[in-house]
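Have a look at the structure below, then the notes.
The values are calculated or read from the model by the stated rules, or taken from the named source; none is laboratory data. As the structure is a prediction and not an experimental result, all values here were calculated from the model. Note: ideal-geometry Cβ built from the backbone for every residue, glycine included; neighbour counts use all protein chains shown.
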Amino acid sequence: MSANSILQELYAKGSRSLEILRKSAVTPHDVKILKQWGISDAAAMIGRTPQTLRNLEESGKIKAPQKIQNGKRIERVYSLKEINEIRELFKLRPSKPANTNPTMIGIVNFKGGVGKSFTSLTLSQSLALKGYKVLLIDGDSQGTSTHQGGGLIPDLHVKSDQTLLNVLIGESDEIANCIIKTHWDGLDLIPANLTLYNAEMIIPNQIYQHRQKTGEVLPFYTRLKNSVDKVASNYDVIIIDTPPSLGFITLNVLFSVNGLMIPLLPSEVDYCSTIQFLNMAQESLNRLPPIDYQFVRLLISRHKPSSMQAKTMEGAIRQVFGSSVMTNYMIETEAVSKASADMKTIYEVEPHPNDKKTFKRATDHANQVTEELELLLKMVWNSAEKISKTVTDYSEVS
């Protein structure tokens, strides 16, 4: 049997097994559905009391939520969409100021296994829980964010024209057609699959041909930015998960975003690798037109604070990079691997009673990182709003 036939046969068998796995992880309707919150939790998320929600329901200002049987009690449960609708009713749904641009954050590091996809997913979902409108772009052909965040098997359910591929190779600048709604209200996704990697082979050939014809450098690095700018006003935050490399996809991301989050493990290997990444990234950007970042932060990920070695490396990282390191960190926990095994995230799992403490610890740390990021976002937005107001006032005087 030919090599090609053997590989095709193995692929067919593997694809069928993946489809069975996916169907066991989602609802019978073949769609992931986010959990619902009881009235006490929903009220806390909104910033009102449970009685306020009951009063709104009785007055007809909000529709009656679903009611479920819990033992002998009937309980109200609310979806994230319903919670956001009530937030909007009270004008409590957070958002960027109306006259400012969304913050685009690249989650970058060319070393694999540092938690880029976990960070991208966790921050996106945590911000969506708060009520922000978020676009998560999966720029990694491995498609982890697509798989975990969208419930899709990248190379089974995602077509190449649904990914960034056509945008990155210059065949289209319309990115809106790539955006899909997720089961999280307020969180959209641009998925990825393995075909996205073709950009790394096509772009250098385009650069060569363009130089041969014109003698000029092809501005390939503007393609993602130009496309995302067309839909950016629909969101408060745009988060881009990047591949574990400093190739043409990552260069597009580095040129497009106005903020960077760099996850790294508190280990000597990852510390050295991250320093090399910083050097190579700045050398690459030196070859492109000048850009500004509103912030760059290193995020210690997969941390084991009980480990003396990890704690020592954390101290070294903070001593060297100072305030550029996020105060909070993501911990290494079984909760993440258990959630991933069920094709879910730490915010989607209903943990077994024996695992509740583990999951709470994971979500607590993730929430703390998100709250720190939210403060950073508000500082950026407030600064941009002041500049915008100054420009407007000057224009009116002129």
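Report whether or not N234 is touching a residue at least 60 places away in the same chain (Cβ under 8 Å) and within 26 Å of S124 (Cα to Cα).
Against the criterion (touching a residue at least 60 places away in the same chain (Cβ under 8 Å) and within 26 Å of S124 (Cα to Cα)), N234 qualifies.
What tally of residues in segment 188-241 results from selecting those that are over 22 Å from N99 (Cα atoms), touching a strand residue (DSSP E or B) at 6+ places or on another chain (Cβ under 6 Å) and of a type outside the set (D, E, K, R)?
Final tally of qualifying residues: 5.
Got a number for residues in segment 81-106 being surrounded by 15 or more Cβ atoms within 10 Å (Cβ to Cβ) and over 15 Å from A232 (Cα atoms)?
Counting residues in segment 81-106 that are surrounded by 15 or more Cβ atoms within 10 Å (Cβ to Cβ) and over 15 Å from A232 (Cα atoms) gives 7.
Going through segment 147-170 one residue at a time, which ones are at pLDDT below 95, surrounded by fewer than 19 Cβ atoms within 10 Å (Cβ to Cβ) and in a loop (DSSP other than H, G, I, E, B)?
Within segment 147-170, I153, K159 qualify.
Examine segment 11-31 for a residue that is among the aromatic types (F, W, Y), modelled with pLDDT of 85 or more and out of contact with any Ser or Thr (no Cβ under 7 Å at 6 or more places or on another chain), and state whether such a residue exists.
No, that holds for no residue.
Anything in segment 171-190 that is closer than 27 Å to T345 by Cβ, out of contact with any Gly (no Cβ under 6 Å at 6 or more places or on another chain) and part of a loop (DSSP other than H, G, I, E, B)? List them, or say none.
I175, I179, H183, W184, D185, G186
Just to be sure I understand, how many residues within segment 31-78 are surrounded by 16 or more Cβ atoms within 10 Å (Cβ to Cβ), aliphatic (A, V, I, L, M), in a loop (DSSP other than H, G, I, E, B) and over 24 Å from the mean Cα position of the chain (by Cα)?
1
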